[in-house]
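One structure below.
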Amino acid sequence: MATARTQELVYGCMGFGGSWDPSPYSREDLRTAQRAVTAALDLGIRVFDHADIYRSGKAEAIFGEILAGDQTLRASIQIQTKCGIRVGESGLGVHYNLDKQAILDRVRGSLDRLQVEWVDTLLLHRPDPLMEPELVAEALTELHAEGLIRQIGVSNMAGVQMATLQRHLELPIVVNQLELSLRKRDWVEAGIGVNGDQGIAYDFPLGTLEYGAAHGVALQAWGSLARGVYSGARTGDAGPAERVTSAMVATLAGQYGVAPEAIVLGWLMRHPADISPVIGTTNPERIRACADAAAVAAQLTRVEWYSLFSAARGQDVP
Ligand SMILES: NC(=O)c1ccc[n+]([C@@H]2O[C@H](COP(=O)([O-])OP(=O)(O)OC[C@H]3O[C@@H](n4cnc5c(N)ncnc54)[C@H](OP(=O)(O)O)[C@@H]3O)[C@@H](O)[C@H]2O)c1
């Protein structure tokens, strides 16, 4: 018997706060974020995705200002944030830090900026090669015991990495957020290419989707809109496969009576891995264009799914 799907759209707040430098955000940045949050809420989106590093903390800070201006909002949504990536510290460009104290400090910083007492889910943003799972576990257990985080997840992690970490954790990993889309297809390609030369070209770690399915780790897809390459964004360097795929997306959108974004996301959600797309557009119209994604996923035929897949990869599957 098929299990009930739990996938839902998640709103990604990485676009909030203006520039990536630490200069203050403007009132216009705030209005942009307010309009996007309103559009997302109107669509029924209840999960908002953050990270401590987005726009040097300004994405969280702007969201905190929105929450402070609406006393009822916090109780009706789930807030997810991430820690582990450090930018421009200690003479380094980008590095990772999942030391115990770093995790504790970063989460407290996020709570301050968001102006909330807890976040619903904390994700470890990327695997830190120097992390010691026992100490990560201590940090997460402390934060959970203090009521500062309710559940935990990871991002950009392979199945074996999750399994290794989980052995040390008291709390279950409930989410893995990965880049998955009609454009970033290696998560499909790697499975198809098993035992074939083509498989070598894809470095998506086999077993990652399967680990999630076996252990109740929900999948979230970042970059899910493929940054608009199949739904109207002018990239300037679109190749033949992107042009053919965009045309096919437009045709299907016409047939289904939905926006192209709903087709792009519907393709992702049609996959049985139960993927929740994280949408990062700040444009209210584009947010509304995602409304019918789940409905498309429920109807998209095998032929349509494979037609889009073959078009995007530029050739049939082997
Ligand atoms: N875990 C991680 O490592 C990780 C990494 C990156 C992102 N994320 C999360 O995932 C969320 C989504 O990721 P993402 O923003 O990279 O991917 P996305 O949702 O695929 O793309 C959103 C971006 O594409 C632009 N876009 C989309 N459709 C367009 C169109 N038709 N024409 C022009 N521009 C278009 C948007 O601009 P407009 O705003 O102008 O619409 C926005 O800049 C982020 O907000 C963040 O929460 C996580």
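In this calculation the C-beta distance from Arg302 to Asn195 is compared with R0 = 30 Å, giving a FRET efficiency of 0.85.
Take the Cβ atoms of Arg31 and Gln115, set R0 to 22 Å, and the FRET efficiency comes out at 0.75. Scalar couplings 3J(HN,Hα) for the stretch 24-32, obtained by applying the Karplus form with A = 6.51, B = -1.76, C = 1.60 to θ = phi - 60°, are x, 7, 9, 5, 5, 4, 5, 5, 4 Hz; x denotes Gly and Pro. Here Ser90, Ser231 are placed in order of increasing Cβ neighbour count within 10 Å, fewest first, which gives Ser90, Ser231. Per-residue Cβ neighbour counts within 10 Å put Asp120, Asp21, Asp29 in the sequence Asp21, Asp120, Asp29, beginning with the fewest. Exposure proxy ranking for Trp118, Trp267, Trp187, based on other Cβ atoms within 10 angstrom of each Cβ and starting from the fewest, stands as Trp118, Trp187, Trp267. For the stretch 150-163, the Karplus equation 6.51 cos²θ - 1.76 cosθ + 1.60, evaluated at θ = phi - 60°, returns couplings of 9, 8, 10, x, 9, 9, 6, 10, 7, x, 5, 5, 4, 4 Hz by residue, with Gly and Pro reported as x. For Ala214 and Thr141, a Förster radius of 35 Å and the Cβ-Cβ distance give a FRET efficiency of 0.90, rounded to the nearest 0.05.
Each value in this text was obtained by applying a stated rule to the coordinates, not by laboratory testing. Note that this is a predicted model, so its numbers are computed, not measured. Counting neighbours? That spans all protein chains shown, and the Cβs are built from the backbone with ideal geometry, glycine included.
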